[in-house]
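Everything below concerns the one structure shown next.
We did not get these values from a lab; they are worked out from the coordinates using the rules stated. These figures come from a predicted structure and were not determined experimentally. Please note: Cβ atoms are built from the backbone with ideal geometry, for glycine as well, and neighbour counts cover all protein chains shown.
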Amino acid sequence: MIQTVRGVRDIPPEESAGWLFLEEQARRIFQQYGYRELRTPIFERVELFARAVGETSDIVEKEMYLFQDRGGETLCLRPEGTASAVRSFIETSRHRSLPWRVFYMGPMFRYERPQKGRYRQFHQIGCELFGPAGPLADAEMMALVLRLLEAIGIGSAVTLEINSLGCPVCRGPYRERLTAHLHERRTQLCGNCQRRLERNPLRVLDCKEEDPALLHEVPRMLDHVCDGCQEHFAGLTGHLTDLQLPFRINPFMVRGLDYYHRTAFEAIATGLGAQNAVAAGGRYDGLVAEMGGVSTPAVGFAMGMERLLLLMEEQRIPVVRPDLYLVVAGDRMVDGYGLQLAEQWRRAGLRVEMHLSGGSMKSQMKHAGRSLAPVTALIGTQETAEQTVTLKWMESGVQESLSAERVLERLLQTNA
Ligand code: HAM
């Protein structure tokens with residue numbers, strides 16, 4: 001019998017509803033922020049990733065799926081989406097009409113050691129924004145990530161971590177300082193880090209093998225960034241605060257791809273084990289010019305779809321969500337009025353859920369929130385007496401009171 005390749009899996013029909021739900025939510029939210037879909041090929045020239053992601057990165061050194069086509073050209077399956085977006089940006093001269101906002105979703109390939117949440121074919125959803133150089137663009141990226149996590153019900157299971165990786169002005173001197181510091185303690189480092197000390201000393205900072213006491217003492221990038229980078233980082237934390245997006249500064253975060261400047265961020269989930277980054281990204285202002293394009297600042301992120309779905313499963317998030325959740329106040333549970341309306345709405349094609357065991361308004365609202373229905377219909381004594389319904393739109397919190405006949409029309413309109 002021929003089996004699937006190691007680290008690669010089918011998405012069976014029982015799971016595909018979850019994938020569709022995730023893709024739908026991503027499309028909806030990214031479009032709200034002005035992003036349009038970019039579809040790029042699954043294979044590219046190998047030089048694209050060698051140059052963009054970095055010759056010394058793990059991805060390029062040991063994880064690429066390389067092959068020669070029949071014409072003798074060396075190609076690879078894409079390990080990530082940013083390099084292709086940059087190639088497309090340059091090839092189609094997008095610098096002429098900035099900003100350029102794109103999103104993508106699809107399979108990526110890395111020859112990594114498979115484990116829970118880590119596969120050799122995995123799927124990313126990502127966004128890239130070309131043009132704006134200020135920290136507001138970085139904050140927009142993080143807002144996109146957090147809004148999507150919220151929409152799929154796992155917002156509270158994830159922490160946003162941020163750091164600054166400096167720029168070409170300040171990273172060189174910091175790297176020297178760090179290397180000198182680590183050289184003095186070379187014998188205390190793990191074998192892997194001793195080897196990469198010369199070529200990629202920053203990676204020591206996020207090595208899981210190192211003694212926390214040793215890491216605690218190392219010079220931190222954030223204490224050594226130049227004035228420009230410092231100002232950018234302060235601007236970013238200010239915007240995140242204005243947007244009410246909670247974050248944590250993690251001075252040890254370094255990314256495994258070489259193209260980042262200044263802002264780097266990750267969304268870290270509790271409860272996923274070692275592979276706990278569900279999204280990651282940052283600013284890459286130098287990359288377009290390095291790849292031969294007209295110098296253009298850019299920022300982006302990508303999320304791992306398998307990890308998001310694992311987390312949703314762990315949090316018992318339903319993937320088939322109702323169109324409407326019905327909450328009926330009082331201890332009569334669902335009264336005749338509410339029941340009739342629910343049946344009428346279902347006959348019209350809507351998915352309507354309600355908590356059949358009654359309970360307080362507060363606990364029913366909790367169930368409504370967990371169901372991820374975009375809208376809740378509230379029926380209290382006043383609504384029953386007046387033959388009306390109060391609709392509460394869950395994302396905005398906006399409420400409206402409508403007559404029973406108008407409700408269906410309104411719901412079908414938003415579902416169209
Ligand atoms: P990355 O950190 O390599 O960044 O990957 C982003 C996300 O993809 C990770 O946080 C994780 O959720 C998921 N991921 C990565 N490798 C695997 C794997 N083997 N199995 C399952 N999931 C995985 C990038 O790829 C950058 N291109 C992100 C970016 C976009 N930066 C700027 N723009």
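What does the C-alpha gyration tensor say about the overall shape of the range 148-275? Classify as rounded when a/c is under 1.5, otherwise prolate if a/b is larger than b/c, or oblate.
Working: a/c = 2.47, a/b = 1.39, b/c = 1.78.
Oblate is the answer for the range 148-275, as a/c is 1.5 or above yet b/c matches or exceeds a/b.
Add -39500 (n - 2.57) for each DSSP H run of 4 or more in the chain, then divide by its residues: what number comes out at 222 nm, to the nearest 500 deg cm²/dmol?
Counting only the DSSP helices, I get -11500 deg cm²/dmol.
Can you work out the Karplus-derived ³J(HN,Hα) for every residue in the range 275-288? Use 6.51 cos²θ - 1.76 cosθ + 1.60 with θ = phi - 60°, whole Hz, and x for glycine or proline.
8, 9, 8, 8, 8, 7, x, x, 8, 9, 5, x, 5, 4
Among I152, I317, which comes first, second and so on when ranked by fewest other beta-carbon atoms within 10 Å?
Arranged by neighbour count, lowest to highest, I152, I317 become I317, I152.
Most exposed first by the Cβ proxy, i.e. fewest other Cβ within 10 Å, how do H367, H183, H261 rank?
Values: H367 17, H183 12, H261 22.
Listed from fewest to most nearby Cβ atoms, that is H183, H367, H261.
Just in the range 170-233: which trypsin sites (Lys or Arg not before Pro) are loop by DSSP and have at most 11 other Cβ atoms within 10 Å? Walk me through the intermediate numbers first.
Values: sites: R171, R175, R177, R185, R186, R195, R196, R199, R203, K208, R220; in loops: R185, R199, K208, R220.
Passing sites in the range 170-233 are R199, K208.
With 21 Å as the cut-off, how large is the P(r) tail for the range 94-187, expressed as percent of Cα-Cα pairs?
On the way: 2699 of 4371 pairs.
When every Cα pair of the range 94-187 is considered, 62 percent fall beyond 21 Å.
For M354, which sequence-distant residues (separation of 5 or more, or a different chain) have an amide H within less than 5 Å of its own amide H, given hydrogens modelled in the peptide plane?
For M354, whose amide H was placed from the backbone, the distant partners under 5 Å are L326.
List, in order, the whole-Hz ³J(HN,Hα) value for each residue of the range 369-384 obtained from phi through the Karplus relation with A = 6.51, B = -1.76, C = 1.60 and θ = phi - 60°; use x for Gly and Pro.
So the Karplus estimates, Gly and Pro as x, are x, 5, 6, 6, 4, x, 9, 10, 9, 9, 10, x, 4, 5, 4, 4 Hz.
GluC sites (Glu not before Pro) within the range 338-416: which are DSSP loop residues with at most 12 other Cβ atoms inside 10 Å?
Numbers: sites: E343, E353, E383, E386, E395, E400, E405, E409; in loops: E395.
Hits after loop and neighbour filter: E395.
Please give the Cα centre distance for the range 40-81 versus the range 347-416, rounded to the nearest Å.
Taking the Cα centre of each part, the range 40-81 and the range 347-416 sit 51 Å apart.
Could you check how many percent of all C-alpha pairs in the range 324-411 are farther apart than 22 Å? Show your work: numbers first, answer last.
Working: 533 of 3828 pairs.
Of all Cα-Cα pairs in the range 324-411, 14 percent lie more than 22 Å apart.
Using label points projected 7 Å from each Cα along Cα→Cβ, tell me how many nm separate L245 and V398, to one decimal.
Roughly 2.3 nm, to one decimal.
Out of residues 5 or more away from T296 or on other chains, whose amide H comes under 5 Å of its own, with H placed 1.01 Å from N in the peptide plane?
It is V288, A289, by chain and number.
Which residues' amide hydrogens lie under 5 Å from the amide hydrogen of L98, considering only partners 5 or more residues apart or on another chain, with H built in the peptide plane?
For L98, whose amide H was placed from the backbone, there are no distant partners under 5 Å.
What's the exposure ranking of T376, T4, T390, going from fewest to most Cβ atoms within 10 Å? Before the final figure, lay out the partial values.
Working: T376 24, T4 9, T390 17.
The most exposed by this proxy come first: T4, T390, T376.
Excluding residues fewer than 8 places away in the same chain, name every one of the lysines whose C-alpha is closer than 28 Å to that of K208.
K208 reaches K62, K116.
Along the range 168-178, what does the Karplus equation 6.51 cos²θ - 1.76 cosθ + 1.60 (θ = phi - 60°) give for ³J(HN,Hα), rounded to whole Hz, x for Gly and Pro?
Running phi through 6.51 cos²θ - 1.76 cosθ + 1.60 with θ = phi - 60° gives x, 5, 9, 6, x, x, 5, 4, 5, 4, 5 Hz.
Give me the tail of P(r) for the range 64-107 as a percent: Cα-Cα pairs with distance above 17 Å.
48 percent
Starting from the Kirkwood radius over alpha-carbon pairs of the chain, derive D by Stokes-Einstein at 4 °C in a medium of 1.567 mPa s and give it in µm² s⁻¹.
Numbers: Rh = 23.9 Å.
Value of D from the Cα-based Kirkwood radius: 54 µm²/s.
Count neighbours as other Cβ atoms within 10 Å of each site's Cβ, and list the trypsin sites (Lys or Arg not before Pro) in the range 308-416 that are DSSP loop with at most 14 such neighbours.
Working: sites: R316, R332, R346, R347, R351, K362, K366, R370, K392, R406, R410; in loops: R316, R332, R351.
Sparse-neighbourhood loop trypsin sites (Lys or Arg not before Pro): R316, R332.
Taking the Cα centre of each part, how many Å lie between the range 226-256 and the range 177-214?
Centre-to-centre distance over Cα atoms comes out at 25 Å.
So, in nm, how far is label C226 from label S295 when the simple model puts each one 7 Å beyond its Cα toward the Cβ?
Output for this residue pair reads 1.1 nm.
Students often forget the sequence filter, so: which lysines lie under 21 Å Cα-Cα from K362 once same-chain residues fewer than 8 apart are removed?
Once the sequence-local lysines are set aside, what remains near K362 is K392.
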